[in-house]
């Protein structure tokens, strides 16, 4: 298993890159020129690896990163591990959302989930049936644009959810509207 990149490893890589320059500079002279060529070669190698990494992230889209050597090996390995963890989390979150939707569909109540501004991001089948919502066409629509009842609009605008709103929607029919707030910062 690879470990994170350390200063010691970077210094060792720099020394190994400059060692031939020291030997050639001692033998032929021109030490500064050999050092400059050596460090320039190292810089070009890092730029090449940056381009490969950028290609992999933005164009290639494969799950496995390009093979790395030297100081690039732990970086690419770490990115690959992070990608695998994120894929696993997304799969777990997708399963959790499926279970939530399945549970909300079996509720005897109409359920509409909205953002704080009122944008609909999910509703169950009973909400579609009773309130006339269309899913997924109404995704992102403001609930006040779709449910045009003055009592409901006033209820949401006052933001006093301590008591449920009860209003008559059709002659002889009574809807009891209750709102339950779930803070988003608790996730």
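Assorted remarks:
- From the coordinates of this entry, log10 I(q)/I(0) by the Debye sum over Cα atoms at q = 0.10, 0.14, 0.17 Å⁻¹ is computed, and it appears in (i) -0.77, -0.93, -1.08; (ii) -0.67, -0.90, -1.12; (iii) -0.43, -0.86, -1.24 under the label (ii).
- Taking 144, 16, 84 in turn, the Gaussian network model of the chain (Cα-Cα springs below 10 Å) assigns the largest fluctuation to 16.
- Spatially, region 71-127 and region 1-36 are offset by 48 Å when compared through their Cα centroids.
Just so you know, all these numbers are worked out from the coordinates, no wet-lab data involved. Because the structure is a prediction, the values reported are computed rather than measured.
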